[in-house]
Amino acid sequence: MATISILKRGFKAQAERLAVEYRGKLGLGPAEPLCAFKLAEYMGIEIFKATDFLKSDDEVTRLSGTGENDCGWSALTMKVASGNTIIIHNAFHTPARQQSNIMHELAHIICEHSLKGLTHNVPLPIGMREYDKLQEEEAICLGATLQINKPALMWAMNKNMSDAQIATHFNASEQMVAYRKRLSGAEKQAFYRRAYK
């Protein structure tokens, strides 16, 4: 059963424009991979590993997912005393997952989302910020689009690249590739293009 999107009309198109725009600002073509770390640097956002803030082996074990109490924690955005915005992320995740996590946090920043509050029951001393459902869906959409935009997908699909090859090229997971194909309409567009050749 398909879920109903709560995204505002035009948001997906805006996300596509922003993905191309930020690639241009970093001197990249629309179909070139965009590195989340380089985008953060361009935006003036410092990125830290969560392990920089953890004090015990138990906390590191929970973050790494190797213990019985895996916290499943990915990343958060916060303001520090100086007023600067930083991102803290889980460097134990795969490189592709790290890209996705950081793109998601950058999307919150680009959309200028406000923080609802602090959740204290997260098994990490650094805590976790909470966004409302619309803001979270916007960040999921924009973060994924920044990672793999529609022109990039169409370029890859026109080259008959497999999902695995596309994922490798854009440092993404195959699940992210499949998600972007559905969300962007690239899959449907490619199908009709093949059908009516």
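Every condition in (1) part of a strand (DSSP E or B); (2) among the β-branched types (Val, Ile, Thr); (3) surrounded by fewer than 18 Cβ atoms within 10 Å (Cβ to Cβ) is met by Ile47 except one, and the failing one is (3).
Table: residues versus (1) more than 17 Å from His104 (Cβ to Cβ); (2) crowded, with 17+ Cβ neighbours inside 10 Å.
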| residue | (1), (2) |
| --- | --- |
| Ala19 | no, yes |
| Ala40 | no, yes |
| Met43 | no, no |
| Asp52 | yes, no |
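Look at the stretch 46-57: where a residue is touching a residue at least 40 places away in the same chain (Cβ under 8 Å) and a partner is surrounded by 14 or more Cβ atoms within 10 Å (Cβ to Cβ) and assigned to a loop (DSSP other than H, G, I, E, B), sitting 6+ places away or on another chain with Cβ atoms under 6 Å, you get Lys49/Ala91; Ala50/Asn90; Phe53/Ile126.
Determine whether the stretch 48-57 contains at least one residue that is at pLDDT 85 or above, aliphatic (A, V, I, L, M) and within 20 Å of Leu146 (Cβ to Cβ). No, every residue in the stretch 48-57 fails to be at pLDDT 85 or above, aliphatic (A, V, I, L, M) and within 20 Å of Leu146 (Cβ to Cβ). I'm trying to understand the selection: among the residues of the stretch 2-42, which are of a type in the set (A, V, I, L, M), assigned to a helix (DSSP H, G or I) and farther than 20 Å from Pro95 by Cβ? Within the stretch 2-42, Ala13, Ala15, Leu18, Val20 meet the criteria.
Annotation for the stretch 9-17: no member residue is surrounded by 12 or more Cβ atoms within 10 Å (Cβ to Cβ), touching a Pro at 6+ places or on another chain (Cβ under 7 Å) and at pLDDT 95 or above.
For the stretch 152-174, name all the residues that are within 12 Å of Leu34 (Cβ to Cβ) and either surrounded by fewer than 23 Cβ atoms within 10 Å (Cβ to Cβ) or β-branched (Val, Ile, Thr) (or both). Residues satisfying the conditions are His169, Asn171.
If you scan the stretch 175-186, which residues turn out to be over 21 Å from Phe37 (Cα atoms) and touching a residue at least 24 places away in the same chain (Cβ under 8 Å)? Within the stretch 175-186, Tyr179, Lys181, Leu183, Ser184, Gly185, Ala186 qualify.
The values are calculated or read from the model by the stated rules, or taken from the named source; none is laboratory data. None of these values were measured; they are calculated from a predicted model. All Cβ positions, even for glycine, are placed from backbone atoms using ideal geometry, and neighbour counts span all protein chains on display.
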